[in-house]
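Encoded as structure tokens, the structure appears first; notes follow it.
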Amino acid sequence: MSQETTTSTVELTPVAAGKVKTLLAQEGRDDLNLRIAVQPGGCSGLRYQLFFDDRKLEGDTRLEIDGVGVVVDRMSVPYLGGAVIDFVDTIEKQGFTIDNPNATGSCACGDSFS
């Protein structure tokens with residue numbers, strides 16, 4: 001199983017990294033990474049998935065960003081290069097957002113892109 005470490009795939013803002021750390025502390029586990037994946041589906045063709053994962057899959061790219069382990073599978077890397085993950089907490093919306101320069105279009109829900 002190969003595991004590459006790089007710093008150019010995705011970025012976490014300090015706010016997002018802080019939220020991930022808070023959520024990980026609530027889980028009470030130190031073996032979890034934030035996995036960011038792109039899957040077929042959604043109204044624009046592809047959708048993002050963010051979840052905690054303790055698996056290490058062949059071809060994973062693992063990043064260490066502000067003390068947070070971030071893992072991207074090899075199929076998702078081409079879609080996520082340069083993407084910035086942020087966390088917003090406003091009256092209108094609360095949650096993680098992804099600003100992805102590779103997306104040519106997205107839907108109104110913000111969870112799907114093409």
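None of the figures in this text is laboratory data; all of them are computed from the coordinates on show. All values derive from a computational prediction rather than experimental measurement. Positions of Cβ are generated from backbone atoms using ideal geometry, with glycine treated the same way; all protein chains shown enter the neighbour counts.
Annotation for Val15 and Asp89: the two label points, set 7 Å from Cα along the Cα-Cβ direction, are 1.0 nm apart. Remark: the range 94-99, residue by residue, has Karplus-estimated 3J(HN,Hα) of 9, x, 7, 10, 10, 9 Hz, where x stands for each Gly or Pro and the curve is 6.51 cos²θ - 1.76 cosθ + 1.60 at θ = phi - 60°.
On full extension, the segment bounded by Thr22 and Asp66 gains 14.6 nm, given 0.36 nm per residue less the C-alpha separation. Ordering of 70-78, 51-59 by packing is 70-78, 51-59, highest average first (other Cβ atoms within 10 Å, averaged per residue).
So, by mean Cβ neighbours within 10 angstrom, what's the order for 15-25, 86-96 with the highest one leading?
15-25, 86-96
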